[in-house]
Amino acid sequence: MAGLGRYVIIRASLIVPTVLILYTFVFILLRVLPGDPILAVVGTRYIPPAQLEEMRRMAGLDKPIPVQYFDYLLGVVLRGDFGKTLASPVGKPVSEYLWERLPATVELTIASFIVASLIGFITGVGGALRRSSRLDTSIRIYSILTYTLFIPVLGMGLQYFLGLKLKLFYISGRLSAGIYVPRLTGLLLLDSLLAGDLSAFTDALGHIVLPSLTLGIVLSGAYTRLIRNNLIEVLNSDFIRAYRARGVPGHRVTIYAIKNAFIPVVTYMGLQIAMLLGGAILTETTFSWPGLGRFIYERIEYRDYASIQGAVILFAFIVGLMNLFVDIIYALIDPRVKY
Amino acid sequence: MALSLSTPILAFIRSFPQPAKSMLILGLAIVVSVMLMAILAPYIAPHDPTSRVYVELQPPSWKYLMGTNHVGMDVFSRVIWGSRVVLFVVVVSATISMAFGVPLGLASGYYGGPVDKALSIVMDSIYAFPSLILAIAVAAVLGPSPLNAAISIAIVYVPTYYRMVRGETLKVKQMPFIEALIVLGCSDATILRSVFRNIIQTVLVVFSLSVADAILTEAALSFLGLSVTWPTPDWGLDLRSGQPYLLNGYWWIAMCPGLMIVALSLGFALIGEALSDYFSIATKV
């Protein structure tokens with residue numbers, strides 16, 4: 001286990017440059033690009049120059065750029081301080097919003113991930129076991145189609161048919177008005193269960209079905225393809241032939257093959273995180289889901305670039321952390337990884 | 001005369017094995033018809049896309065093929081004109097990201113060294129990050145306009161071209177004919193040109209697949225209000241503004257432009273799939 005501890009530390013130190021590069025990239029981009037964040041907020045209103053200077057000073061934009069770079073970075077790392085909002089309500093710490101909104105996004109991404117892997121598993125294994133059949137062809141078409149399904153289009157389609165016409169699920173929001181769940185983790189499904197409130201739980205469940213189905217379906221195609229191709233490769237490999245030659249029953253061989261086909265899928269999960277978070281913005285906007293993605297959308301309307309920068313940098317940290325997490329799982333399940 | 005010119009193209013398409021051939025034909029049909037739609041918009045749109053032509057919220061009928069929207073504009077005419085914005089943004093962004101990504105990838109892969117290492121790390125980091133979020137951040141600072149949307153998309157797709165071209169260059173570099181060129185004393189420019197000619201198939205596949213993706217990013221930016229402004233006809237924007245009406249049963253305002261986004265993206269994805277089958281290039285998953 002000591003070996004694993006060291007492996008985790010080495011891996012963890014490797015995400016530092018990745019996150020740092022992203023931070024630097026976003027930082028430079030937001031300052032090099034034409035457009036003044038203060039003037040963007042002000043718009044066409046007249047504001048006396050002295051007040052503009054005051055706003056600039058409050059946002060820390062009056063300092064030299066290298067100072068701004070390190071101030072912001074240290075603020076984030078040491079104090080979890082992502083600066084202050086530039087638009088109404090002016091001067092509220094961005095971090096307050098971020099922590100308030102983060103759990104909704106986490107809950108949505110976990111639910112979508114479950115949907116995506118379930119669909120991906122069933123279709124991927126199905127395609128591989130019935131290779132080159134009509135079923136396999138339709139599964140291939142499905143995976144290309146999911147690649148091009150625009151999230152809001154699928155989301156609105158589901159809202160229309162399952163929500164509006166069949167009235168099976170709620171079409172927007174996270175919880176019905178008048179229902180209150182005490183906040184522990186911020187994950188409503190978990191908090192309502194912990195509070196023993198079953199009606200709140202079913203209400204929250206009725207809200208999360210459509211958004212997680214939408215994001216899950218869009219992401220499932222990549223899993224379908226990956227699981228199918230891996231499984232086909234494993235089924236053709238020597239050790240499977242050896243099992244068969246020794247007379248191991250067919251279904252047991254299939255189970256061994258599936259287990260082995262799963263290892264590369266785990267590495268791919270790290271890359272999926274990026275797609276999941278990117279998709280969350282559109283899903284949350286479509287379903288008025290009060291997460292980080294919708295927060296970015298709301299702040300775009302205010303042209304509040306301090307909030308947008310904060311959310312983007314928080315996303316960078318999450319992507320880095322999730323990649324670390326995936327590396328650790330990978331090391332645990334694949335005996336070939338040395339640590 | 002036109003026939004003789006199109007013969008090599010037709011022969012190329014015919015040489016595809018099934019099912020790649022059907023995919024290529026379907027993909028080309030979609031892409032070409034959307035292009036024609038954009039070029040011929042003033043002649044084929046039955047109505048002015050930005051003015052009230054009839055009672056609002058009318059369902060599709062023979063006179064108004066896709067119905068009318070919440071202010072009485074003809075949805076069909078808006079869909080036709082909307083193709084212009086998407087194609088403009090996608091063409092401009094793909095050109096910019098190729099102009100940077102391809103030469104950088106070529107030079108980086110061919111020369112190697114510390115610059116190549118540093119550039120790879122930076123590109124990999126950007127690549128690992130959600131491209132849509134990055135595009136939103138850039139577009140939010142630049143301000144909402146189609147050109148700015150194109151620039152934002154261009155920036156986030158540079159690493160896609162860079163990584164693929166660099167990887168292929170590393171492979172081609174090992175081949176004997178490149179060694180022969182070096183021994184013959186050819187200039188770097190000649191050698192790089194020769195490397196490029198050998199990776200052009202990969203560039204073509206990456207181009208089709210990333211354009212399919214860029215269409216969705218473009219639609220996302222305009223859906224989020226970061227591209228054109230109302231009442232300019234645009235698929236992503238119309239999808240957004242039609243949503244409240246869809247939730248009251250008037251599905252056509254949002255769904256008609258929405259399905260066009262999916263169709264156009266599918267067109268490029270099918271072409272990319274078919275080409276990668278044909279050249280047997282393993283694309284990322």
> What nm distance separates the two modelled labels at residue B:115 and residue A:266, each placed 7 Å from Cα along Cα→Cβ?
Replying inline: 4.0 nm
> Looking at chain A, what % of the alpha carbon pairs are farther apart than 33 Å?
Replying inline: 42 percent
>> Buried accessible area between B and A (1.4 Å probe, both chains summed, ligands and nucleic acids excluded), in Å² to the nearest 100?
In response: 4400 Å²
> How much of the accessible area of chain B, probe 1.4 Å, is carbon plus sulfur, in whole percent?
Replying inline: 70 percent
>> Net charge within 11 Å of residue A:304 by Cβ-Cβ distance, Lys/Arg positive one each and Asp/Glu negative one each, not counting residue A:304 itself?
In response: +2
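When a/c is below 1.5 the answer is rounded, else prolate if a/b is larger than b/c, else oblate, so apply that to the stretch A:100-301 with a ≥ b ≥ c taken from the square roots of the Cα gyration tensor eigenvalues.
Prolate is the answer for the stretch A:100-301, as a/c is 1.5 or above and a/b outweighs b/c.
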> Which three semi-axes in whole Å describe the equivalent ellipsoid of the stretch A:217-339, each the square root of 5 times a Cα gyration tensor eigenvalue, listed largest first?
Replying inline: 41, 16, 8
> Where does helix A:250-261 land angle-wise versus the long Cα axis of chain A, in degrees 0 to 90, nearest 10?
Replying inline: 30 degrees
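Pop out the carbon and sulfur fraction of the accessible area of the stretch A:272-339 as a percent, whole number, probe 1.4 Å.
Carbon and sulfur together cover 65 percent of it.
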> Quick one: net charge of residue B:73's neighbours, Cβ under 9 Å, K/R +1, D/E -1?
Replying inline: -1
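Can you give the calculated 222 nm mean residue ellipticity of chain A, where each DSSP H run of n ≥ 4 adds -39,500 (n - 2.57) and the sum is split over every residue, rounded to the nearest 500 deg cm²/dmol?
The per-residue figure over chain A is -25000 deg cm²/dmol.
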> Going by alpha carbons, how many degrees (0 to 90, nearest 10) lie between the helix axis of B:113-128 and the longest principal axis of chain B?
Replying inline: 20 degrees
> Given only helices, namely DSSP H runs of n ≥ 4 each adding -39500 (n - 2.57), what is the per-residue ellipticity at 222 nm of chain B, to the nearest 500 deg cm²/dmol?
Replying inline: -25500 deg cm²/dmol
>> Could you work out the percent of alpha carbon pairs in the stretch B:20-284 separated by over 35 Å, rounded to a whole number?
In response: 26 percent
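With the contact rule set at Cα under 8 Å and sequence spacing of 6 or more, what percent relative contact order holds for the stretch B:20-284? Walk me through the intermediate numbers first.
Working: 414 pairs, mean separation 70.1, N = 265.
The normalised contact order for the stretch B:20-284 reaches 26 percent.
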> Taking Cα atoms, how many degrees apart are the long axis of helix A:65-79 and the longest axis of chain A, rounded to 10 and kept between 0 and 90?
Replying inline: 60 degrees
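Cross-link list A:63/A:92; B:21/B:171; B:117/B:173; B:117/B:171: which exceed 24 angstrom alpha carbon to alpha carbon?
From A:63/A:92; B:21/B:171; B:117/B:173; B:117/B:171, over 24 Å: B:21/B:171.
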>> Given a 1.4 angstrom probe, what's the average accessible area per residue across the protein assembly as shown, in square angstrom?
In response: 46 Å²
>> Relative contact order for chain A: what percent, with Cα pairs under 8 Å and sequence separation of 6 or more?
In response: 26 percent
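The values are calculated or read from the model by the stated rules, or taken from the named source; none is laboratory data. No experiment lies behind these values; they were computed from the predicted model shown. When we count neighbours, we look across all protein chains shown, and the Cβ atoms used for this are built from the backbone with ideal geometry, even at glycine. All accessible areas refer to the heavy atoms of the entire protein, side chains included, with ligands and DNA or RNA removed. Shrake-Rupley method; radii C 1.70, N 1.55, O 1.52, S 1.80 Å.
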